[in-house]
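The values are calculated or read from the model by the stated rules, or taken from the named source; none is laboratory data. Since this is a predicted model, take the numbers as computed values, not measurements. Reconstructed Cβ throughout: ideal geometry from the backbone, glycine too, with neighbour counts over all protein chains shown. Remember, those area values only see protein heavy atoms, side chains included, never the ligands or the DNA or RNA. Shrake-Rupley method; radii C 1.70, N 1.55, O 1.52, S 1.80 Å.
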Amino acid sequence: MKKFLDLGNQPLANSYLKKNQLNQKEKKFRLEIGFNPKNFLVSILNTVPKEKMFNKNYPYKSSESFTMRSQFQKLAVKLKKKFKPKLSLEIGSNDGAFIKNFKKEEVIGIEPCKNLAKITKKKGYKTYSEYWDIKLAKKISSKKKIDLIYSANTLSHIKNISEIFKAINLALTDNGVLVLEDPSLLECMRNLAYDQFYCEHIYVFSTLSLQKTLKVADLEIFDIENLTTHGGSNRYYIKKKKNINFKISSKVKSNLSKEKKFGLNKFKTYKNFANKVKKSKFNLEKIFNDLIKKNKKIIGYGATAKSCTVLNYCNINHKKIDYFYDTTSFKIGSYLPGSKIPIRSYQKLDTKKIDYVFLGAWNFKDEIFKKEKEFIKNGGKFFTHVPFPHII
Ligand code: TYD
């Protein structure tokens with residue numbers, strides 16, 4: 001791995017603090033990012049043990065978001081129509097937002113976070129509360145192989161990725177399909193969205209890197225959809241290499257050439273990115289300092305895991321942002337890790353109380369701007385670091 005970016009000492013992004021933890025010393029790790037010139041994988045260098053992040057206290061529930069619920073429902077209908085699977089499986093089934101769209105006897109969930117697995121088990125869905133690996137793949141598929149494996153925003157969180165793909169190959173029927181969804185490295189670089197890197201996101205995949213990694217497990221990509229979720233994601237359709245029933249779509253070639261054109265196969269592209277990130281930090285700090293000098297009231301909107309990286313890297317704490325608004329029940333009343341900014345229950349933005357709003361959830365900008373039309377009309381302002389620090 002060749003290191004190209006150092007985002008400093010960071011706390012665990014989803015470890016929101018309770019009031020009584022504010023004076024305790026937080027565990028931090030060095031967030032450094034590297035590039036592997038052999039297989040083009042981009043990953044964080046110092047990984048946190050999975051048990052520290054994905055355990056019985058995992059806070060994120062997919063079903064709490066209306067957008068996620070409806071996207072999963074639509075996708076389940078589409079995949080069932082397209083591939084007609086008799087048996088499906090989801091790696092990272094969370095609280096069941098995707099698997100609940102299947103008949104109970106036709107789907108299996110894999111969810112190591114026990115608090116989440118409990119929810120789907122209770123509803124009658126077969127759920128293994130274990131980490132996905134070869135042993136588990138053998139156990140599950142020894143009697144009946146799987147026709148469709150789906151995994152969204154999960155495989156990029158798992159360190160031994162080649163092993164994971166080998167386990168998938170083992171569990172799939174010969175005509176089986178893996179549908180994999182994760183943030184796109186190309187969009188992350190284009191948007192200078194360095195906040196896609198945090199403890200849980202061990203990898204940010206490109207088509208180039210996935211193609212190489214899948215090859216080791218005798219798998220290959222046969223189609224891709226470019227999505228807008230999470231600031232730009234890709235949905236990859238993957239099959240066994242020996243399976244000739246699916247034609248390789250022209251989307252695969254076009255994604256690969258877009259990425260090569262951008263230079264995702266060259267180390268120098270990443271060095272350039274790192275230089276731009278340093279400038280971005282300087283300019284974001286400048287925006288904050290200028291607004292504070294002018295006595296402006298600043299709050300944050302959307303206490304995302306991504307914000308954790310930005311706030312800690314750019315030295316933004318509760319002295320610079322009064323509080324964050326967020327709609328997620330488990331976040332309200334707690335504090336963002338590291339920066340210790342309080343998170344309050346969302347209220348409609350009001351220019352009588354707030355001048356400037358830092359967009360933590362920049363990936364939901366359109367939805368948020370629609371909701372806050374009145375605030376913007378009355379002269380309220382938003383600002384963001386994506387794709388460069390600016391007041392919108
Ligand atoms: P998410 O997109 O999951 O980002 P990450 O993976 O980096 O944590 O989180 C979006 C957050 O923004 C979530 O905490 C909910 C919050 N949010 C609001 O509070 N109000 C809104 O209108 C929207 C769209 C999101």
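Which value in nm describes the separation of the simple spin-label points at His318 and Lys114, placed 7 Å from the Cα toward the beta carbon?
3.2 nm
According to the square roots a ≥ b ≥ c of the eigenvalues of the Cα gyration tensor, what is the shape class of the range 122-179, taking rounded for a/c under 1.5, prolate for a/b larger than b/c otherwise, and oblate for the remainder? Numbers along the way, then the final one.
Values: a/c = 1.37, a/b = 1.07, b/c = 1.29.
Rounded, because the longest to shortest axis ratio a/c is under 1.5.
Could you tell me the relative contact order of the range 264-392? Use alpha-carbon pairs under 8 Å, at least six residues apart, and round to a whole percent.
25 percent
Please give the solvent-accessible surface of Ser307 in Å², to the nearest 10, using a probe radius of 1.4 Å with every protein chain present.
0 Å²
In sequence order, what are the phi-derived ³J(HN,Hα) couplings for the range 282-288 according to the Karplus relation 6.51 cos²θ - 1.76 cosθ + 1.60 with θ = phi - 60°, rounded to whole Hz, with x for glycine and proline?
Coupling constants for the range 282-288: 4, 6, 5, 4, 5, 4, 4 Hz.
If you line up the Cα atoms of the chain on their principal axes, what length do they span on each, largest first, in Å?
Computed over the Cα atoms, the extents are 66, 49, 42 Å.
Could you work out [θ]222 nm for the chain from helices alone, using -39500 (n - 2.57) per DSSP H run of at least four and dividing by all its residues? Round to the nearest 500 deg cm²/dmol.
Numbers: 12 runs with 127 residues, N = 392.
Rounded to the nearest 500, the figure is -9500 deg cm²/dmol.
For the pair Arg69 and Lys138, how long in nm is the line joining their label points, each one 7 Å along Cα→Cβ?
Roughly 4.1 nm, to one decimal.
Enumerate the lysines that Lys296 could reach by cross-link, defined here as Cα to Cα under 17 Å, with residues fewer than 8 away along the same chain left out.
Output for Lys296: Lys286, Lys319, Lys320, Lys352, Lys353, Lys381.
Return the subset of Lys18/Lys278; Lys82/Lys166; Lys100/Lys135; Lys38/Lys258; Lys74/Lys371; Lys50/Lys306 for which the Cα-Cα distance in this structure is over 29 Å, preserving the input order. Kindly include the intermediate steps, with their values, before the conclusion.
Values: Lys18/Lys278 31 Å; Lys82/Lys166 24 Å; Lys100/Lys135 26 Å; Lys38/Lys258 19 Å; Lys74/Lys371 24 Å; Lys50/Lys306 18 Å.
Long pairs (Cα-Cα over 29 Å): Lys18/Lys278.
Towards the positive end of the charge dipole of the range 243-331, with charges on Cβ (+1 Lys, Arg; -1 Asp, Glu), say which of Ala305, Leu264, Asn315 has the farthest Cα.
Leu264
Fully extended, how many nm does the chain gain between Asp218 and Arg30 (0.36 nm per residue separation, minus their Cα-Cα distance)?
Numbers: separation 188, 0.36 × 188 = 67.68 nm, distance 3.41 nm.
Result: 64.3 nm gained on full extension.
Just check the range 290-350 against the gyration tensor rule for me: Cα atoms, a ≥ b ≥ c as the square roots of the eigenvalues, rounded for a/c under 1.5, and otherwise prolate or oblate depending on whether a/b exceeds b/c.
Working: a/c = 2.14, a/b = 1.20, b/c = 1.78.
Oblate, because a/c is 1.5 or more while a/b does not exceed b/c.
Set the Förster radius R0 to 41 Å, insert the Cβ-Cβ distance between Ile392 and Lys2 as r into 1/(1 + (r/R0)^6), and round the FRET efficiency to 0.05. Mind showing how you got there, number by number?
On the way: r = 35 Å, r/R0 = 0.86.
The value I calculate is 0.70.
Mind ranking Ile158, Ile392, Ile321 by accessible surface for me, highest first, 1.4 Å probe? Before the final figure, lay out each step's value.
Details: Ile158 35, Ile392 70, Ile321 0 Å².
Solvent-accessible surface, decreasing: Ile392, Ile158, Ile321.
In nm, give the distance between the simple-model label positions of Ser257 and Thr327, each being 7 Å from the Cα along the Cα-to-Cβ direction.
Inter-label distance under the simple model: 4.1 nm.
Which whole-number percent gives the relative contact order of the chain, counting Cα pairs below 8 Å spaced six or more residues apart?
Values: 758 pairs, mean separation 62.2, N = 392.
It comes to 16 percent, rounded to a whole number.
Which one, Ile149, Gln24, Ile110, projects farthest toward the positive side of the charge dipole computed for the chain from Cβ point charges (K/R +1, D/E -1)?
Ile149
Probe of 1.4 angstrom, ligands and nucleic acids ignored: what's the accessible area per residue over the range 164-274, in square angstrom? Before the final figure, lay out each step's value.
Values: 4160 Å² over 111 residues.
Accessible surface, normalised per residue, equals 37 Å².
What is the Cα coordinate range of the range 133-248 on the first, second and third principal axes, sorted by size from largest, in whole angstrom?
That works out to 45, 31, 22 Å along the principal axes.
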